[in-house]
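Data block below; observations after.
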Amino acid sequence: MQNMKKTIFGTMLFSCLLFTSCDVFELDNYEEPKETIIGEVVDSKTGERILTDQGSEGIRVRMTELSWGDNVEHNPDFYCKSDGSFQNTKIFKGTYNIRIDGPFVPIVREDERGVPIANDTKTLDIEGTINVKFEVQPFLKVEFVDYPTVSNGQIAARVKVTRGISNDEFREKIEPMGNYNSSFTNVTDIQLFVSYSSSVGYRARDERWSNKIEYVGSEFENLLGKEITIKSIKGQTIPSGKHVFVRAAARINYDTPAGSGTRRWNYSEPMEVIIP
Amino acid sequence: MKKILAYIALAFISVSCVDLSIPPKNIVTSEDLLSNESGIDIYMARMYSNMPFEDFKYLAQWGFNFNGWLNSFGIEGTGEALDRDGICTTFTNEDTPYWSMAFTLIRDANFLIENLPAYKGSYPEPMYNHYLGEAYYVRATVFYAMARRFGGVPLVTNVINYPANQDDLEVPRSSEKDTWDQVAADYDKAIELMLPSSPKSGYSNKYVALAFKSEAMLYAGSVAKYNETVTGRLTGTGQKTGVRVIGFAPNEWQEASKKYFTEAYKAAKEVINSNLYSLYKKKWKANDPEAQYQNMIDMFSDISSPENIYVKQYTYPTLTHGFDAYNSPFIFRTPLSSGMCPTLDFLEQFDGFNHYADGTLKVTTGATNTQGDYILYDSPMDLFKNAEPRLRAYVIFPGDQFKGKEIEIRAGVYTGSTPIKPFFNDYSYASADNTYQKLDSYSKKPKTLYLSPREGSSQERVEADGFSMNAAGENGPFYDNGESCLTGLYLRKWLNPDPAAEIGEGKSDQPFILMRYGEVLLNMAEAAVELSLAGETSIDGSNLLDEATEAVNEIRERAGAKLLTNTLSSTNVGRDVVRKERRKELAFEQKTKWDLRRWRVQHYEGRNGLWGEEKNKDMYSNNTRYRFRGLYPFFSTKANKYFFDAHYQWISLKTFEYTIVDYYFAIPGNEVSKSKVIDQQPNR
């Protein structure tokens, strides 16, 4: 009996070895991804960061490694932090093309037939830590005029929206891409995002309180630069004593990248509000 | 030793020097398969078992796996039904993309088209043509299934031999327009070649191809037209090829859309004019809701129904599915239940209910559901007593009969005084999380509301006013059990109504109707209104709007719904009458998710049209997200009566999300990265 057990054990051990390839004993000698890219997206006029939300509705960073040859798939996309900066510390050494898409004039512009008009993407050799700065023309600038007020658990914020790029400049850049429509520059909505999280934005919004005002056609035109009051949802009381964070956002009737249907918001700085 | 030598010697003796040139008997050749009828049967059976049919073996979230596990449908954010699991999500991709397996089937079809002519002499000419027609029909079906997922796809229309040059093996995606043109051409070829009736059960025929052609062309026409309504126009060219792989060029969409609608209209008309099919009305009687209801239950299992154009049949015990095992009411749970719970929003489309001014179901005496007192009913069924018979055939109401049992659905028991004020002062999207168990009347003293977390011994008992009863009904809803009734309503359509029928995985064998005459009528009506909107008055001599009106009324009469008294108008309102009728009639048939997709009404900006008619999206949306409601029956011990509360999905609340990029599925990443010519969607 004892012998038999030994035999079975021996056979099993042997068969294990039989099915093992020699690669198992070799260390993976491919160098780990340890290069770093640190980037920011700023307004080309003012140098201020383009504020956004971290998620697929925010500023998308698309890196494509070019040393693989012609037919390359881009790396998995990632997104800017809400302050308009981005960082990736796990990149393989290599040559990359970096493209960003967000609530600003597209940095890659092509006409209807795919003929390039402009391409402000960056192609870089990434080794060690690389800093990169994109200067773009944001569609809008959104700010809180003053500190939001709270009454009966409802937040009221005064918001000001101005254009980051004039309609004429916008037209000059976008029209050559084909199918231009003057409605592109219309401001369609203002959002007030409310959340317990300091990374408040579209993704982290609390649906109970976040609110919006929508505008039809070009009716917002007269409100540009003026103070607009937007309140959290009526009847949804934010519990007293809590700290919440708010941000305002606005967008125009133009999707980036073209054809994606994703109209991205320009954001204000977040603010912490204490509910009395 | 001598023995061994002898064996070796023997071995040498048996070696021959003649080459073996006889085909091995264990390999099936083209000759075996294509030269005789039984061989063709095998060839067809193989193709048909791989067809992209969305029936009891298809789950939208998973794609074509050809197994029936957890089969539920209408749960893809269409608003028809809800389910507790992650499979209850919008139709934005399929886990198994319909790509590589599609090309395997296309190859089978192409092989038949190229090789059958060599055996032409083996068959009478009509049969030979029919077989060839089947191959075109299969190819059309596959290209259609791909086109509505991806837009333009590689149009492989011949057998590609391997090995070959890389250039011959690689076929780039064609434009979306060319893809739809190919779908139309393949259907046309099938229609021309196939027999007017199927030579054998399971085979297709000319009218099957015509009916599906009308469905496909309606899709194509809608895409061409409604891509234009989407922010930024939904179209783009591939990065590698420059081909317009999704959408239509600005100068061609109008013409293309009109052409496809015309094709859809003509194909449907040919089916209608053949007089071979009619709506199922075996038990139907005028002015008899009970008969009309029973008629619409029977039509889904009666295999001899004159309405059936194309049916996937099942036979116990060899070819079965598990639809009843996943979607029956909780009391029949084996091993699961409640996979498709219809929503209140779905119910609100139907005739026979009272509504508030905003169109929602009236449950209180006031002007909205936060005002007035709850309306009291002796039995829950009283609310539904005038319900459209079609709805009752599709949905089990609380207290209605199914499989010889009363289906008890009760959210809870209220022991407070009457009249009863609405539980909440806010039923909006934002407060969907405010559920009954958070009410003070439930958690604080004096306790007046009783609810149950689970079934059996977890039921809360109510002892009040002479009543001694469980808080929740036998089927729930139980607030901690997603297998109980989620919405207060249950599905009836497709479920086997026979009390003797055993429920279990692999025990069901009801047929699935893939195409029925009712849909053909609706295809015709929709194409007719669209053509009328495009400026046409007639295609074949008859007035388009009159025909559309007549078709809608035919459907409505059989359903026991109110008839249209005026001819449909050539406006979006007129079009929406047809769309809404389609949503109602074809609910829970795996069709609606495609209709919402081609109408482009699922993303936020277009969502007012989600229900086929204009309905304010902000009533159930928050930007890209949206939710649906249930209808929850409560019992009042003081009044000894029932009342209903309309609330967002109480159990396993689902939030759906849809954006514009989802109208075209992503091409599988590995296919894009390994090929020099296959383009990803330009908007991804």
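Laboratory data are not the source of any read-out in this text; all were calculated from the coordinates shown. No experiment lies behind these values; they were computed from the predicted model shown. In this analysis, Cβ positions are derived from the backbone assuming ideal geometry, glycine residues included, and neighbour counts consider all displayed protein chains.
Remarks
- Neighbour counting of Cβ atoms within 10 Å sorts the residues A:His74, A:His243, fewest neighbours leading, into A:His243, A:His74.
- Every helix of 4 or more DSSP H residues in chain A counts as -39500 (n - 2.57), and over all residues that averages to -3000 deg cm²/dmol at 222 nm.
- Highest-first arrangement of B:286-294, A:258-266, where packing means the average Cβ count within 10 Å: A:258-266, B:286-294
- Sequence-distant residues sharing a close amide H with B:Ile420 (under 5 Å, placed H): B:Tyr374
- Scanning residues 5 or more positions from B:Arg516 or on other chains, those with amide H under 5 Å from its amide H are B:Ile309, with H placed 1.01 Å from N in the peptide plane.
- Tensor-based shape of the protein assembly as shown (alpha-carbon gyration tensor, a/c under 1.5 rounded, otherwise prolate or oblate): rounded
- Among B:643-656, B:48-61, the order from most to least packed when residues are scored by Cβ within 10 Å on average: B:643-656, B:48-61
- For region B:617-641 versus region B:426-467, the inter-centroid distance based on Cα atoms is 15 Å.
- Legend: residue pairs B:Lys507/B:Lys562; B:Lys312/B:Lys584; B:Lys57/B:Lys385; B:Lys281/B:Lys312, Cα-Cα distance threshold 27 Å; pairs beyond threshold, B:Lys507/B:Lys562; B:Lys57/B:Lys385.
- Rounded to whole numbers, the Karplus 3J(HN,Hα) couplings from phi for region B:414-419 are 10, 10, x, 6, 9, x Hz, using 6.51 cos²θ - 1.76 cosθ + 1.60 with θ = phi - 60°, and x at Gly and Pro.
- Look at the alpha carbon pairs under 8 Å that are at least 6 residues apart: their mean separation over the length of region A:140-274 gives a relative contact order of 33 percent.
- Shielding by partners, peptide B:230-243 (average Cβ within 10 angstrom, other chains): 5
- Over chain B: helical MRE at 222 nm, DSSP H runs n ≥ 4 each giving -39500 (n - 2.57), nearest 500: -10000 deg cm²/dmol
- Cα-centred dipole magnitude for region A:35-136, charges only on beta-carbon of K, R (+1) and D, E (-1), debye, nearest 20: 160
- The mean sequence distance of close C-alpha pairs (under 8 Å, at least 6 residues apart), as a share of the length of region B:236-350, puts its relative contact order at 11 percent.
- For region B:642-660 and region B:192-270, distance of Cα centres in Å: 34
- Normalised by the number of residues in chain B, the mean separation of alpha-carbon contacts (under 8 Å, six or more apart) gives a relative contact order of 18 percent.
- C-alpha center-to-center spacing [region B:282-301, region A:177-222] in angstrom: 50
- The amide H of B:Arg173, built 1.01 Å from its N in the peptide plane, has B:Asp679 as neighbours under 5 Å, considering only residues 5 or more places off or on other chains.
- Lys-Lys pairs in region A:35-136 that are eight or more residues apart or on separate chains and whose Cα atoms lie under 17 Å of each other come to 5.
- Rounded to the nearest whole Hz, the Karplus-based 3J(HN,Hα) values (6.51 cos²θ - 1.76 cosθ + 1.60, θ = phi - 60°) of region A:262-275 follow the sequence 8, 9, 8, 8, 8, 10, 8, 5, x, 9, 8, 10, 9, 8, with x at glycine and proline.
- Under the shape rule built on the C-alpha gyration tensor, where the axes satisfy a ≥ b ≥ c, chain A is oblate, since a/c reaches at least 1.5 while a/b does not exceed b/c.
- The protein assembly as shown - share of DSSP beta bridges that are antiparallel (%, nearest 5): 90
- Within chain A, DSSP assigns beta bridges of which about 85% are antiparallel (rounded to the nearest 5).
- Rounded if a/c under 1.5, otherwise prolate or oblate - region B:549-684, Cα gyration tensor axes: oblate
- Sorted by Cβ neighbour density within 10 Å, fewest at the top, the residues B:Thr237, B:Thr567: B:Thr567, B:Thr237
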